[in-house]
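Participant: My questions all concern the structure below.
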Amino acid sequence: MDAAATPPAAGRTIRILGVPMDLGASHRGTDMGPSALRIAGVADGLRRLGYRIEREQDLVVPAMETRAPADPALRFQPEILAVCTALAEAVGAALDDGALPLIYGGDHSIAMGSVAGVAGHLRRRGERLGLIWFDAHGDMNVPATSPSGNVHGMPLAHLLGFGDPALAGIGGFAPKVRPEDVVLIGLRDLDAGERRVIRDSGVGAYTMREIDERGIGAVVREAIERVSAGTAGFHLSFDVDGLDPEIAPGVGTPVPGGLGYREAHLFMECVADSGRMLSCEVVELNPILDDRNRSAELVRHLLLSAFGLAIL
């Protein structure tokens, strides 16, 4: 049952940006993610918490059937670059207008645009961005190490300045974030090359083993402290496949052993408690693989927790 938002959340403006893209993924269907979240009623729930929700905007994304990948090691790079560049501009404009961007994906390659937009906005003010990356996967492949050429397995590497210069340079600068300002949470399925990159990169990384041993509350609070130190706040990049597929089956790359229902809510409640979230995106929701929009309904409740839904 929805309750009141914890102050000072109520009264803020949220701008919802839909990015119906699946060009970066192997499985079709993430382009329907924004529609699934709208059907689930995310915006209405946020309004009941006291937020002002602007008219939602969707970016124009070409359909996969109308294109052919020119480079098998970096599939649909020109199209993804164009969409992410437009998204970076839209996110920056939202922040310039005083709104908090909430982005509906779309596959995880859209994060190259959303994070570029927030980081660029802060860069103009001489400030840094922290980044919490919730995901079963590392997303730190580059074209030379990727086994598939799918860009949704590469966005974090490009945000850190590695890989394809054009994707790394969205917004006219690189890197978008410093390794010490980045934390990955929920890791449990990494490619061999990614393990080396993550270990050598200097980012913070919490596997499911560490979450099991220490508890999600301790891990998330520690992660928030890290990404908040010396930064203006953090962006939350929330990949639905970080959740256990038993509670969120609507993803293209499910991995058993993810966060359960209460763990996920505690994660998001800690985000709200911090008051440090500057922007948020939800990615990799695939309604084609879902059960009667069950995963989108769960994401709705989780987003409300992140935006201040309180039991008391």
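Participant: For residue 219, state whether it is among the aliphatic types (A, V, I, L, M) and more than 24 Å from residue 43 (Cβ to Cβ). Talk me through it step by step, then tell me what you get.
Facilitator: On the way: among the aliphatic types (A, V, I, L, M): yes; more than 24 Å from residue 43 (Cβ to Cβ): yes.
So residue 219 fits the description; yes.
Participant: Same structure, new question: Please work out which residue is surrounded by the fewest Cβ atoms within 10 Å (Cβ to Cβ), limiting yourself to the stretch 187-202 and to residues that are free of Cβ contacts under 8 Å to residues at least 60 places away in the same chain and either among the hydroxyl-bearing types (Ser, Thr, Tyr) or in contact with a Pro (Cβ under 9 Å, 6 or more places away or on another chain) (or both).
Facilitator: Quick first cut of the stretch 187-202, residues free of Cβ contacts under 8 Å to residues at least 60 places away in the same chain only: 187, 190-197, 199-200, 202.
Subset that is either among the hydroxyl-bearing types (Ser, Thr, Tyr) or in contact with a Pro (Cβ under 9 Å, 6 or more places away or on another chain) (or both): 191, 193, 202.
Working: 191: 17, 193: 16, 202: 12.
Result: 202.
Participant: Please go through the stretch 78-115 and give me each residue that is charged (D, E, K, R) and within 16 Å of the chain's Cα centre (by Cα), ordered by number. I'd like the intermediate steps shown before the answer.
Facilitator: So in the stretch 78-115, the residues charged (D, E, K, R) come out as 79, 89, 96-97, 107.
The one that is charged (D, E, K, R) and within 16 Å of the chain's Cα centre (by Cα): 107.
Participant: Which residue is surrounded by the most Cβ atoms within 10 Å (Cβ to Cβ), if the candidates are limited to the stretch 227-283 and must be farther than 24 Å from residue 119 by Cβ and hydroxyl-bearing (Ser, Thr, Tyr)?
Facilitator: If we take residues in the stretch 227-283 being farther than 24 Å from residue 119 by Cβ and hydroxyl-bearing (Ser, Thr, Tyr), then 253 is surrounded by the most Cβ atoms within 10 Å (Cβ to Cβ).
Participant: Is there any pair with a first residue in the stretch 232-260 that is modelled with pLDDT of 95 or more and a second that is polar (S, T, N, Q) and part of a loop (DSSP other than H, G, I, E, B) whose Cβ atoms are under 7 Å apart and which are 6 or more apart or on different chains, and what are they?
Facilitator: Final answer for the pair search is 241/253; 250/286; 251/286.
Participant: In contact with a helix residue (DSSP H, G or I) (Cβ under 9 Å, 6 or more places away or on another chain) and basic (Lys, Arg), is that true of residue 195? Break it down into steps so the answer makes sense when it comes.
Facilitator: Values: in contact with a helix residue (DSSP H, G or I) (Cβ under 9 Å, 6 or more places away or on another chain): no; basic (Lys, Arg): yes.
So residue 195 does not fit the description; no.
Participant: Select, from 149, 105, 130, 120, the only residue that is free of Cβ contacts under 8 Å to residues at least 60 places away in the same chain and closer than 25 Å to residue 201 by Cβ.
Facilitator: On the way: 149 fails: free of Cβ contacts under 8 Å to residues at least 60 places away in the same chain; 105 fails: free of Cβ contacts under 8 Å to residues at least 60 places away in the same chain; 130 fails: free of Cβ contacts under 8 Å to residues at least 60 places away in the same chain.
Within the list 149, 105, 130, 120, the selection yields 120.
Participant: Only one of 137, 152 is of a type outside the set (A, V, I, L, M, F, W, C), at pLDDT 95 or above, in contact with a Gly (Cβ under 8 Å, 6 or more places away or on another chain) and assigned to a helix (DSSP H, G or I). Can you tell me which?
Facilitator: Matching residue, one of 137, 152: 152.
Participant: Mind listing whichever residues of the stretch 254-293 are charged (D, E, K, R) and under 23 Å from residue 109 (Cβ atoms)?
Facilitator: Those that are charged (D, E, K, R) and under 23 Å from residue 109 (Cβ atoms): 281, 284, 290.
Participant: Okay, next question. Could you go through the stretch 247-268 and let me know if any residue there is in contact with a Cys (Cβ under 9 Å, 6 or more places away or on another chain) and of a type outside the set (Gly, Ala, Ser). Give the derivation first.
Facilitator: Of the stretch 247-268, the ones in contact with a Cys (Cβ under 9 Å, 6 or more places away or on another chain) are none.
The answer is no, given that none of the residues of the stretch 247-268 is in contact with a Cys (Cβ under 9 Å, 6 or more places away or on another chain) and of a type outside the set (Gly, Ala, Ser).
Participant: Check off (1) within 30 Å of residue 93 (Cβ to Cβ); (2) modelled with pLDDT of 95 or more for residue 211 and give me the number that stays unchecked.
Facilitator: Evaluating residue 211 over (1) within 30 Å of residue 93 (Cβ to Cβ); (2) modelled with pLDDT of 95 or more leaves (1) as the failure.
Participant: With 15, 75, 38 as the choices, which residue is within 21 Å of the chain's Cα centre (by Cα), surrounded by fewer than 24 Cβ atoms within 10 Å (Cβ to Cβ) and closer than 26 Å to residue 171 by Cβ? If you could, list the steps in order and put the result at the bottom.
Facilitator: Working: 75 fails: surrounded by fewer than 24 Cβ atoms within 10 Å (Cβ to Cβ); 38 fails: closer than 26 Å to residue 171 by Cβ.
Going through 15, 75, 38 in turn, just one is within 21 Å of the chain's Cα centre (by Cα), surrounded by fewer than 24 Cβ atoms within 10 Å (Cβ to Cβ) and closer than 26 Å to residue 171 by Cβ: 15.
Participant: Now, a different point. Is it the case, given these coordinates, that residue 58 is among the acidic types (Asp, Glu), surrounded by 15 or more Cβ atoms within 10 Å (Cβ to Cβ) and at pLDDT 95 or above? Let's see the steps before the verdict.
Facilitator: Working: among the acidic types (Asp, Glu): yes; surrounded by 15 or more Cβ atoms within 10 Å (Cβ to Cβ): no; at pLDDT 95 or above: yes.
In short, no.
Participant: Would you please list the contacts, defined by Cβ atoms under 6 Å and residues six or more apart or on different chains, that run from a residue in the stretch 16-28 that is within 10 Å of residue 75 (Cα to Cα) to a residue that is among the β-branched types (Val, Ile, Thr) and crowded, with 21+ Cβ neighbours inside 10 Å?
Facilitator: Between residues of the stretch 16-28 that are within 10 Å of residue 75 (Cα to Cα) and residues that are among the β-branched types (Val, Ile, Thr) and crowded, with 21+ Cβ neighbours inside 10 Å, the close pairs are 23/80; 24/80; 24/151.
Participant: Name the single residue that is surrounded by the most Cβ atoms within 10 Å (Cβ to Cβ) among those in the stretch 87-105 being small (Gly, Ala, Ser) and under 15 Å from residue 34 (Cβ atoms).
Facilitator: Step one: list which residues in the stretch 87-105 are small (Gly, Ala, Ser), which gives 88, 90, 92-94, 98-99, 105.
Then drop every residue that is not under 15 Å from residue 34 (Cβ atoms), which leaves 90, 105.
Values: 90: 20, 105: 33.
The qualifying residue surrounded by the most Cβ atoms within 10 Å (Cβ to Cβ) is 105.
Participant: Output the number of residues of the stretch 286-298 satisfying the condition of being buried (at least 24 other Cβ atoms within 10 Å of the Cβ) and assigned to a helix (DSSP H, G or I). Working first, answer last.
Facilitator: Residues of the stretch 286-298 that are buried (at least 24 other Cβ atoms within 10 Å of the Cβ), as a first pass: 286, 295-296.
From what is left, the residues that are assigned to a helix (DSSP H, G or I) are 295-296.
So the count comes out to 2.
Participant: Right, here's the next one. Which of the residues spanning the stretch 204-217 are exposed (fewer than 14 other Cβ atoms within 10 Å of the Cβ) and assigned to a helix (DSSP H, G or I)? If you could, list the steps in order and put the result at the bottom.
Facilitator: Let us first name the residues in the stretch 204-217 that are exposed (fewer than 14 other Cβ atoms within 10 Å of the Cβ), namely 209, 212-215.
Scanning the stretch 204-217 gives 209, 212, 213, 214.
The values are calculated or read from the model by the stated rules, or taken from the named source; none is laboratory data. Since this is a predicted model, take the numbers as computed values, not measurements. All Cβ positions, glycine included, derive from the backbone under ideal geometry; neighbour counts span all protein chains shown.
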